[in-house]
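Notes follow once the structure below has been shown.
The values are calculated or read from the model by the stated rules, or taken from the named source; none is laboratory data. Here the structure is a predicted model, which means the values were calculated and not measured. Because the Cβ atoms are built from the backbone with ideal geometry, glycine has one as well, and the counts that use them run over all protein chains shown. What goes into the accessible areas is simple: the full protein's heavy atoms, side chains included, and nothing from ligands, DNA or RNA. Shrake-Rupley method; radii C 1.70, N 1.55, O 1.52, S 1.80 Å.
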Amino acid sequence: MYDIVTLQAHILQQQARYPDATGTFSWILSAISISAKMIAAQVRRARLEDVLGSAGEQNVQGEQQQKLDVIANEILLRLLGGREGVAIVASEENEEPVILRAQNDGETRYCVLFDPLDGSSNLDICGSVGTIFSILRKDQSSTVAEDSLLQPGLKQVAAGYVLYGSSTVLVLTIGSGVDMFVLDPSIGAFVRVAQGLTIPLRNKCYSLNEGNRLTLPQGYQNYLDWAQRSGYSSRYVGAMVGDVHRIMLQGGVFLYPPTKKAPNGKLRLMYEANPMAMLVEQAGGKALVGPGQRILELQPEGIHQRTCVVLGSSEEVDHVMAHVAG
Ligand code: AHM
Ligand code: MG
């Protein structure tokens, strides 16, 4: 017989390892878990409720917002806003961070950053979408709220994603390994299905938007030539959460290099690259911007900053970098 451990029980078990813990942090994770269930329910009913398609507005990146993007964003803002331990919330969908409790009153408070519905163009075709989140400790010394968000990914206290796929999966790290939970809709709880996930060291599979191939820097084109000659497969969901989840379980490499359209890369450092990099490294993989340059070491300069991303199985990332370094 094995124990059935819900996400809530798992969080309490982790909290018990720190005798001084006040529960503030656990309470924030519980808000994320409830948000994930609410968003999952909306995603399942999207076509029935007619919340597919564009909301007619552009987000701060100049992209069309989907109606469900807006709904998912509001769910997270409302749930996290109600938690005393949250100082600042920053979302890919909002130009400015939402400052909830910014006074430096000595209380330990946290900043939560998220991409509420990543890969939302997959919604209309019933494909995978996800939520990505990152938690930082608020820097008590900073007087300007945005400054306390601009910490390198290495400072993240926790990171995770929720994949709304054929089942709803939550993958979480709080800095010591990666655990995976699946939502059991019959009881409304996330149940732990794996502890200490490790990414396979190698898998001959790459994941990128190959339509951009001709505008990639030469090193990436050379890598693709090499991979294709070496019998690699190509897999691309078009939603980072879906692609990274496959790599977490089966290995391979995910790339979003600079392109002509997006010369600094398309993915956002704070909402996408940093949390995924923490998860990948915690699972024994690598997450780099370029040769020898970890995503987690980048000093952010703006909350919506973009970056090049190469992450996944350690040996597969090395193969890419060997070609990029040329
Ligand atoms: P989004 O946050 O606007 O949904 O964009 C991020 C998504 C990632 O999930 C995915 O990996 C990438 O954009 C796909 O981009 P492309 O369509 O250029 O391949
Ligand atoms: Mg996104």
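Normalise the Debye intensity by I(0) for region 262-326, one equal point scatterer per Cα, no solvent, then take log10 at q = 0.15, 0.21 Å⁻¹ and round to two decimals.
Debye curve over Cα of region 262-326, log10 I(q)/I(0) at q = 0.15, 0.21 Å⁻¹: -0.42, -0.80.
Which order do Glu272, Glu297 take when ranked by solvent-accessible area (1.4 Å probe, heavy atoms of all protein chains), largest first? Mind dumping the intermediate values first?
Numbers: Glu272 0, Glu297 100 Å².
Most to least solvent-accessible, the answer reads Glu297, Glu272.
Let me check something: with ligands and nucleic acids excluded, how do His304, His319 order by accessible area (1.4 Å probe), largest to smallest?
Working: His304 45, His319 65 Å².
Greatest to least solvent exposure: His319, His304.
Tyr18 accessible area, nearest 10 Å², 1.4 Å probe?
Tyr18 has an accessible surface of roughly 130 Å² with all protein chains in place.
For Thr24, Thr143, Thr168, what's the largest-to-smallest order of accessible area, 1.4 Å probe?
Numbers: Thr24 40, Thr143 130, Thr168 5 Å².
In descending accessible area the options line up as Thr143, Thr24, Thr168.
Roughly how many percent of the accessible protein surface of the chain is carbon and sulfur, given a 1.4 Å probe and a whole-percent answer? List each step's numbers first, then the result.
Values: 7040 of 14260 Å².
Of all accessible area on the chain, carbon and sulfur atoms account for 49 percent.
Please calculate how many Å² of accessible area the chain carries per residue, with a 1.4 Å probe and no DNA, RNA or ligand atoms counted.
44 Å²
Going by the alpha-carbon gyration tensor, a ≥ b ≥ c the square roots of its eigenvalues, is region 1-40 rounded (a/c under 1.5) or, if a/c is not under 1.5, prolate (a/b greater than b/c) versus oblate? Walk me through the numbers on the way to the answer.
Working: a/c = 5.20, a/b = 1.15, b/c = 4.51.
Oblate.
What value does region 207-259 have for Rg/Rh, both radii from Cα atoms and Rh as Kirkwood defines it?
We get a ratio of 0.96 for region 207-259.
Whole angstrom only: what separates the Cα centroid of region 226-262 from the Cα centroid of region 174-219?
11 Å
Roughly how much of Cys126 is accessible, in Å² to the nearest 10, using a 1.4 Å probe?
Roll a 1.4 Å probe over it and Cys126 shows about 130 Å².
Return the calculated 222 nm mean residue ellipticity for the chain, to the nearest 500 deg cm²/dmol, obtained by summing -39500 (n - 2.57) across DSSP H runs with n ≥ 4 and dividing by the residue count. Walk me through the numbers on the way to the answer.
Values: 9 runs with 99 residues, N = 326.
Mean residue ellipticity, 222 nm, calculated: -9000 deg cm²/dmol.
Quick one, can you get me the convex hull of the C-alpha atoms of region 7-194 expressed as volume per residue in Å³? All intermediate terms of the calculation are to be shown ahead of the outcome.
Values: hull volume 22.3 nm³, N = 188.
Here the figure is 119 Å³ per residue.
Binning at 10 angstrom from zero up to the longest distance, how are the C-alpha pair distances of the chain distributed in percent?
6, 27, 36, 24, 7, 1
Could you tally the net charge around Asn73, taking each other residue with its Cβ under 10 Å from the Cβ of Asn73, Lys/Arg +1 and Asp/Glu -1?
Numbers: positive: Arg78; negative: Asp69, Glu74, Glu92, Glu93, Asp115.
That works out to -4.
Name the helices (complete DSSP H segments) of the chain with a Cα length along the long axis of 30 Å or more and a Kyte-Doolittle mean of at least -0.5, or state none.
Details: long enough: 24-44 (31 Å, 1.01).
Those that pass (Cα extent of 30 Å or more, hydropathy at least -0.5) are 24-44.
Provide Rg and Dmax in Å for region 75-121, with only Cα atoms included in the calculation.
Both quantities, over Cα of region 75-121: 11.6, 42 Å.
Net charge near Ala46, counting Lys/Arg +1 and Asp/Glu -1 over other residues with Cβ under 10 Å of its Cβ?
That works out to +1.
Given a cut-off of 25 Å, name the pairs among Lys67/Lys266; Lys67/Lys286; Lys138/Lys260; Lys204/Lys286; Lys138/Lys286; Lys155/Lys261 whose C-alpha atoms lie farther apart than that in the structure shown. Mind dumping the intermediate values first?
Working: Lys67/Lys266 22 Å; Lys67/Lys286 34 Å; Lys138/Lys260 36 Å; Lys204/Lys286 16 Å; Lys138/Lys286 27 Å; Lys155/Lys261 31 Å.
Result: Lys67/Lys286; Lys138/Lys260; Lys138/Lys286; Lys155/Lys261 exceed 25 Å.
Tell me, what is the FRET efficiency for Leu214 and Asp20 to the nearest 0.05, using R0 = 56 angstrom and their Cβ-Cβ distance as r?
On the way: r = 55 Å, r/R0 = 0.99.
So the FRET efficiency works out to roughly 0.50.
Normalised by the residues of the chain, what does the relative contact order come to in percent, with Cα pairs under 8 Å and at least six apart?
Values: 678 pairs, mean separation 50.0, N = 326.
Worked out over the chain, it gives 15 percent.
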